[in-house]
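Novice: The structure that follows is given in the form of structure tokens.
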Amino acid sequence: AAAELGQQAVALLAQVRDVVVEHEEELGKLDAIAGDGDHGIGMRRGVDAAAAAGEAASGSSVARILLAAGEAWSEKAGGTSGALWGSAVIAAGQALGNRDSYTDADARAAVTAFANAITELGKAEPGDKTMVDALLPFRDTFLAELDGGASANQALSAAAAAAESAAAATADLRPLKGRARPLAEKSLGHPDPGAVSFGLIVNRISQFIDS
Ligand code: ADP
Ligand code: MG
Ligand code: MG
């Protein structure tokens, strides 16, 4: 059963790759407004490498697959978002470990570890106009839904919807962290690219798990 769960992690990484590939151009254009325009290509390089590394590690545990995927993501993406995603994927994998089945408590631990990795490494605060502005509503909604008795799939679906609207709402913010900061005024009226890609990815994961 541990190997089957590993296979699911590999399939999930392929979904993450696909949704980034579908939106690569859009993410690049968004980053070009006030950043350096490489968020599409950077994410693309990261997810290509992560999916391939996960595939190469298939047959092993979720933790090992996500470790390989996260390391590849950080290494190949370059850029801030790649380092953050890579470390978060590794942290989620460590929280999930090598088990024969997973409970809601494991899902809580994985989402919490994922979010902590990003805030500890990036040190962005809510309102800084980064992916954290989509990540924290995602985490908080996920945990609150589970507290309220929702299944993990229902909680994920609600959390993904919260991330998507929070990402759109970053359009009203001025960037305070990252490369977009010097061009803060240009960024007003447009959402943060890292928040948008986060929203896209978690929605795809939720749809995939529900199907
Ligand atoms: P780079 O900024 O190095 O070119 P990307 O373009 O791939 O990297 O990613 C930019 C995104 O990274 C931003 O839109 C923002 O969401 C995210 N980001 C930047 N700095 C931070 C940070 N300190 N914490 C969290 N996210 C950040
Ligand atoms: Mg960039
Ligand atoms: Mg860059």
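Novice: Would you please list the contacts, defined by Cβ atoms under 9 Å and residues six or more apart or on different chains, that run from a residue in the stretch 74-99 that is acidic (Asp, Glu) to a residue that is surrounded by 20 or more Cβ atoms within 10 Å (Cβ to Cβ)?
Specialist: GLU75/GLY46; GLU75/ALA49; GLU75/GLY82; GLU75/GLY86
Novice: Right, next: Of the numbered conditions (1) surrounded by fewer than 17 Cβ atoms within 10 Å (Cβ to Cβ); (2) among the hydrophobic types (A, V, I, L, M, F, W, C); (3) in contact (Cβ under 8 Å) with a residue 24 or more places away in the chain, ALA171 fails exactly one; give the number of that condition.
Specialist: Here ALA171 clears every test but (3).
Novice: Scan (1) of a type outside the set (A, V, I, L, M, F, W, C); (2) part of a helix (DSSP H, G or I); (3) surrounded by fewer than 20 Cβ atoms within 10 Å (Cβ to Cβ) for the single condition SER101 breaks and write down its number.
Specialist: Looking at each condition in turn, SER101 falls short on (2).
Novice: Here's something else I'd like to know. Starting from residues that are within 16 Å of ligand 1 (Cβ to nearest atom) and without any contact (Cβ under 8 Å) to a residue 24 or more places away in the chain, keep the ones in the stretch 2-25 and report whichever is surrounded by the most Cβ atoms within 10 Å (Cβ to Cβ).
Specialist: Checked the stretch 2-25; the qualifying residue surrounded by the most Cβ atoms within 10 Å (Cβ to Cβ) is GLU24.
Novice: Same structure again: Is it the case that the stretch 33-51 has a residue that's within 16 Å of ligand 3 (Cβ to nearest atom), basic (Lys, Arg) and more than 21 Å from PHE138 (Cα to Cα)?
Specialist: Yes, the conditions are met somewhere in the stretch 33-51.
Novice: For the list (1) more than 12 Å from ligand 1 (Cβ to nearest atom); (2) touching a residue at least 24 places away in the same chain (Cβ under 8 Å), I need the number of the one condition that ALA144 fails.
Specialist: Only one criterion in (1) more than 12 Å from ligand 1 (Cβ to nearest atom); (2) touching a residue at least 24 places away in the same chain (Cβ under 8 Å) is unmet by ALA144, namely (2).
Novice: Exactly one condition in (1) modelled with pLDDT under 95; (2) within 16 Å of ligand 2 (Cβ to nearest atom) is false for ASP100; which is it?
Specialist: Evaluating ASP100 over (1) modelled with pLDDT under 95; (2) within 16 Å of ligand 2 (Cβ to nearest atom) leaves (2) as the failure.
The values are calculated or read from the model by the stated rules, or taken from the named source; none is laboratory data. Keep in mind that this is a model prediction, so the values were computed, not measured. Note that we place each Cβ from the backbone using ideal geometry, even for glycine, and neighbour counts take in every protein chain shown.
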